[in-house]
Amino acid sequence: MAHKRVAVLGSTGSVGMQALDVVAQHPGHLEVASLAAGSNYELLADQVRKWKPSVVSLATESSANALRNLLDGESPEIVWGDTGLMLATTSADADVVLNAVVGAAGLAATHAALSHGIDVALANKESLVMAGELIMEAAQINTATVLPVDSEPNALHQCLRGTEAATVRRLVLTASGGPFLGWSGKDLDHVTPEHALEHPTWKMGPRITIDSATLMNKGFEIIETRWLFGVPTQNIDVVIHPQSVVHSLIELVDGSMIAYAGPTDMRLPIQDALSYPERWTQGIEPLDLVSSAPWTFEQAEPERYPALALARQALEMGGTAPAILNAADEVAVAAFLEGRLSFARIIPFVAKVLEGCDTTNADNIETILEADAAARSEAKRHLGE
Ligand code: MG
């Protein structure tokens, strides 16, 4: 069986910590090559003592110095900033990079790993949303693989194994619908950030929880799916499935379907992305078919969830449009959480920013990051900042 050295980027966040749990469960298969975090140097110091990585990176020089002071005796290479993240990605002799960096900073790391021929277990959504074509091109040129950690694209990846691409008619992403499923448009005007942060089935960070409630998160997954599997957008559908038990399905040319079902536990897709093409044991309690029933499915009404059409529109516009969509949404969600934009206004606001920004070809990472920055200032101008 395989033995892999893993670079864990975003190691002090939720996905990063669960990835280290998976490493701990499989000492014969996995070891830590490097760790990268934002500013939580205290937790990172504990992780360094436990995992003995050869390279450790933090966002700033001051947190890197604080880590060095805490670690006297231990001697990994301590680096910081954008350069540090690149070193943690490419210079620790990793076989796979688990990229759970939050936000646009993760994009450069994904691109660098693939350009060095290193496989990526991808939890950083922005990589594919902002630069899907470039990322998949870099993977292909360097014969590296992108394995999705995001649970729905990961479920699709598992459903598609051993299936001829030509026999697949449709990929169907499931969406929980978030905490406001069944609410009327009028009720949605009164949603508070506290309400919106109570996700019914998954425990996640604030932005992805709000994005799950608007279904923009599912819109981003349409974009991820389009690039990961190279399928036309019209062959990707979304269905509301409030229980989050079936994580996605594929429909074949004979009309039959293959569904992936499992507990809502991120360690499963993380482990799958690290172990592929092997399958390893896991201590997670399996799904109880009886107590998890009934499994229900509802149409994702286009009027109720304009985020889905908006994501498809951005894909159709192409170039930097999906990067603009992502940037506008991030600003809108932050404004909602600060009480400066109502819940019902989030998606119309994002649509307005997308309309107001010029799109260009997305030829390289720099162009995409420039479009991201321009969209953020345009969004802030709309907010009156
Ligand atoms: Mg997901």
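Taking interchain pairs and intrachain pairs at least six residues apart, which have beta carbon atoms under 7 angstrom, with the first residue in region 365-385 and farther than 12 Å from Ala321 by Cβ and the second part of a helix (DSSP H, G or I) and open to solvent by 60 Å² or more (accessible area, probe 1.4 Å)? Listed by first residue and then by second, the contacts come to His382/Lys352. Going by the conditions given, is Ile208 within 11 Å of the ligand (Cβ to nearest atom) and over 18 Å from Glu301 (Cα atoms)? Considered against the rule, which asks whether it is within 11 Å of the ligand (Cβ to nearest atom) and over 18 Å from Glu301 (Cα atoms), Ile208 comes out as yes. Note on region 160-178: among residues that are within 15 Å of Ile236 (Cβ to Cβ) and touching a His at 6+ places or on another chain (Cβ under 9 Å), the one that is surrounded by the most Cβ atoms within 10 Å (Cβ to Cβ) is Thr174. Is there a residue in region 254-261 that is out of contact with any Phe, Trp or Tyr (no Cβ under 9 Å at 6 or more places or on another chain), away from the ligand (no atom under 15 Å from the Cβ), aromatic (Phe, Trp, Tyr) and closer than 18 Å to Ala165 by Cβ? No, that holds for no residue. Annotation note: of Pro286, Pro206, the sole residue that is surrounded by fewer than 17 Cβ atoms within 10 Å (Cβ to Cβ) and within 17 Å of the chain's Cα centre (by Cα) is Pro206. In this entry, Leu274 is excluded by the filter for residues that are over 29 Å from Val97 (Cα atoms), more than 14 Å from the ligand (Cβ to nearest atom) and touching a residue at least 60 places away in the same chain (Cβ under 8 Å).
Could you tell me whether Glu301 is assigned to a loop (DSSP other than H, G, I, E, B), open to solvent by 30 Å² or more (accessible area, probe 1.4 Å) and without any contact (Cβ under 8 Å) to a residue 12 or more places away in the chain? Spelling it out, Glu301 is indeed assigned to a loop (DSSP other than H, G, I, E, B), open to solvent by 30 Å² or more (accessible area, probe 1.4 Å) and without any contact (Cβ under 8 Å) to a residue 12 or more places away in the chain.
At least 3 residues being in contact with a helix residue (DSSP H, G or I) (Cβ under 8 Å, 6 or more places away or on another chain) and at pLDDT 95 or above is the threshold, and among the helices (runs of 4 or more DSSP H) wholly inside region 203-279 those reaching it are 216-229, 267-275. Kindly establish whether Glu370 is part of a helix (DSSP H, G or I), surrounded by fewer than 20 Cβ atoms within 10 Å (Cβ to Cβ) and not assigned by TED's automatic domain parsing to the domain that holds Ala94. Spelling it out, Glu370 is indeed part of a helix (DSSP H, G or I), surrounded by fewer than 20 Cβ atoms within 10 Å (Cβ to Cβ) and not assigned by TED's automatic domain parsing to the domain that holds Ala94.
Specify which of the listed residues (Ile236, Ile222) is of a type in the set (Val, Ile, Thr) and under 22 Å from Val15 (Cβ atoms).
Numbers: Ile236 fails: under 22 Å from Val15 (Cβ atoms).
Going through Ile236, Ile222 in turn, the sole match is Ile222.
One line per residue, one yes/no per condition, for (1) assigned by TED's automatic domain parsing to the domain that holds Met130; (2) in contact (Cβ under 8 Å) with a residue 24 or more places away in the chain; (3) buried (at least 22 other Cβ atoms within 10 Å of the Cβ); (4) within 17 Å of Leu274 (Cβ to Cβ):
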{"residue": "Gly16", "(1), (2), (3), (4)": "yes, yes, yes, yes"}
{"residue": "Gln25", "(1), (2), (3), (4)": "yes, yes, no, yes"}
{"residue": "Gly28", "(1), (2), (3), (4)": "yes, yes, no, yes"}
{"residue": "Gly38", "(1), (2), (3), (4)": "yes, yes, no, no"}
{"residue": "Val56", "(1), (2), (3), (4)": "yes, yes, yes, no"}
{"residue": "Ala66", "(1), (2), (3), (4)": "yes, yes, no, no"}
{"residue": "Asp82", "(1), (2), (3), (4)": "yes, yes, no, no"}
{"residue": "Ser91", "(1), (2), (3), (4)": "yes, yes, no, no"}
{"residue": "Ala100", "(1), (2), (3), (4)": "yes, yes, yes, yes"}
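Against the condition in contact (Cβ under 8 Å) with a residue 12 or more places away in the chain, assigned by TED's automatic domain parsing to the domain that holds Thr360 and over 20 Å from the mean Cα position of the chain (by Cα), how does Ile258 come out, does it pass? Yes: the conditions hold for Ile258. For the subset of region 217-245 comprising residues that are within 13 Å of the ligand (Cβ to nearest atom) and of a type in the set (A, V, I, L, M), which member is surrounded by the most Cβ atoms within 10 Å (Cβ to Cβ)? Per the stated criteria, the residue is Leu228. All told, Asp329 meets the bar of being in a helix (DSSP H, G or I) and either within 26 Å of Ala213 (Cβ to Cβ) or in contact with a Leu (Cβ under 6 Å, 6 or more places away or on another chain) (or both). In the set Leu67, Leu85, only one residue is at pLDDT 95 or above, within 25 Å of Glu366 (Cβ to Cβ) and out of contact with any His (no Cβ under 8 Å at 6 or more places or on another chain); that residue is Leu85.
The values are calculated or read from the model by the stated rules, or taken from the named source; none is laboratory data. Given the structure is predicted, the values throughout are model-derived calculations rather than measurements. Virtual Cβ from ideal backbone geometry, glycine too; neighbours counted across all protein chains shown. Side chains included, ligands, DNA and RNA excluded: accessible areas come from the protein's heavy atoms. Shrake-Rupley method; radii C 1.70, N 1.55, O 1.52, S 1.80 Å.
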